[in-house]
Amino acid sequence: MSEFKRVYRMNGLLRFNHWAMFVAFIACAVTGFYIAHPFLVFETGEVIDSYVMGYVRLIHYLGAIVLDVILIIWIYLFFFGRHPYFKFIFPLRERGKEALQMLKHYFTLDMKDRPESDEDRMDALNAWGIFLFIIVFKALMLITGFAMLSPQINAENTAIPGGQYVFYYTGQIAYIIFGNLVNIRIAHHLIAWLMIFFVIIHIYIEIWREVFWKEGDISIVFSGHKFLKKK
Ligand code: HEM
Ligand code: HEM
C-alpha cells in the first residue's frame, strides 16, 4: 500500500476566489449569450414593463464586476501572495519544458511520463493555462466589454464621478488592439468561447487527475489540501 503525505495547496482566499469565479463565469456566459440572441417575449402589456433585457444585462455586469475584482486580487497576489499560481510559469524555459512533459503524460497515460512535482505548487501546464485564463482572457473581456459600453455612458447617466472616462479610456485600449466596434464585439464573443473551452478542459483534467493520480486533487478547491504519494 502506498503511503500519502497531506499537502496544503490553496488558502482560503484562493478557494473563495475560485468558487466566486465559478458562479460569476456561468452568470456571464448565460446572460452574454442571451444579450447576443434575446428570445424571451412576455406579453404583459408594454414591452418596457417586463424589462427582461435590463435584468439580464444587470446580471452580466454584476458577474463581470466579480470577475474583474478577482483579476485585481490576482494581480495583487502575483506581487505579494504566497501562492500566486501563475508565477509558476517562471522561469519560462524550464517551466515550458515541464508543461510539454505534462502534455506528453496526458497523451501517453504513462505514470513514468509524469513530471516530478514539487509538493506545494501547481504543475506548469496548469499554470500556463490559468495564466491565460485569469490574466489575458479576463483582461481582454474587461476592455472589450467596457468599449461596448462606453458609447452609452455619459456624465448624466453614470453614478460614478468621472465614470464615463473610465469606460472611454479602458475601451480605447480595445480600439487600439481590435480596430473598430464590430471587431471588438466579435473579439468578446471569440474570447467567450475560448474561456468556455478552457473551463471544459479544466474540469475534465481535474477529474482525470482525481481518477488516475489517486491523490485527491479535486479536494484542493474544497479543503485546500491534497495527498501526495510518498516516494
Ligand atoms: C467556471 C468554472 C471554473 C473556472 C473558471 C475555474 C478556474 C480555475 C482557476 C483559475 C484555477 C486556479 C486557481 C484559482 O485562481 O482559483 C483553478 C484551480 C482548480 N480548479 Fe477550477 N475552475 C472552474 C471549475 C472547477 C470545477 C467544477 C472543479 C472541480 C471538479 C475545479 C477544480 C479545480 C482544482 C482542483 C484546482 C486546483 C488545481 C491545482 O492546484 O493543481 N474547478 N480553477
Ligand atoms: C470581464 C468581464 C466582462 C465584461 C466587463 C463584459 C461586458 C459586456 C458588455 C458591456 C456587453 C454589452 C452588453 C450590452 O450591449 O448590453 C457584453 C456582451 C456580451 N458578453 Fe460580456 N462581459 C464580460 C465577461 C463575459 C464573459 C465571461 C462572457 C462569456 C463567457 C461574456 C459574453 C458576452 C456575450 C456573448 C455578449 C453579447 C455580445 C453581443 O452580441 O452584442 N462576457 N459584455
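The values are calculated or read from the model by the stated rules, or taken from the named source; none is laboratory data. From a predicted model like this one, the values you see are computed outputs, not experimental measurements. Every residue, glycine among them, receives a Cβ derived from its backbone with ideal geometry; neighbour counts consider all protein chains shown. Surface areas here come from the heavy atoms of the whole protein model, side chains and all, with no ligands, DNA or RNA. Shrake-Rupley method; radii C 1.70, N 1.55, O 1.52, S 1.80 Å.
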### Task
For region 93-127, name all the residues that are aliphatic (A, V, I, L, M) and open to solvent by 20 Å² or more (accessible area, probe 1.4 Å).
L100, L103, L109, M111, L125
### Query
Within region 24-43, can one find any residue that is at pLDDT 85 or above and away from ligand 2 (no atom under 15 Å from the Cβ)?
no
### Message
Can you pull out every residue in region 162-217 that is among the hydrophobic types (A, V, I, L, M, F, W, C), more than 10 Å from ligand 1 (Cβ to nearest atom) and under 15 Å from the mean Cα position of the chain (by Cα)?
### Response
L190, I191, A192, W193, L194, F197, I201
### Task
Scan region 4-55 residue by residue and report those that are among the basic types (K, R), within 28 Å of I134 (Cα to Cα) and not in a loop (DSSP other than H, G, I, E, B).
R6, R15
#### Entry: Elements of type helices (runs of 4 or more DSSP H) contained in region 128-231, each with 1 or more residues being open to solvent by 60 Å² or more (accessible area, probe 1.4 Å) and more than 10 Å from ligand 2 (Cβ to nearest atom)
163-178, 181-213
## Note on the structure
When restricted to I89, I70, the only residue in contact with a Phe, Trp or Tyr (Cβ under 9 Å, 6 or more places away or on another chain) and open to solvent by less than 30 Å² (accessible area, probe 1.4 Å) is I89
### Residue among M21, M1, M53 that is at pLDDT below 95, open to solvent by less than 70 Å² (accessible area, probe 1.4 Å) and of a type outside the set (K, R)
M53
#### Entry: Y8 free of Cβ contacts under 8 Å to residues at least 40 places away in the same chain and of a type in the set (S, T, Y)
no
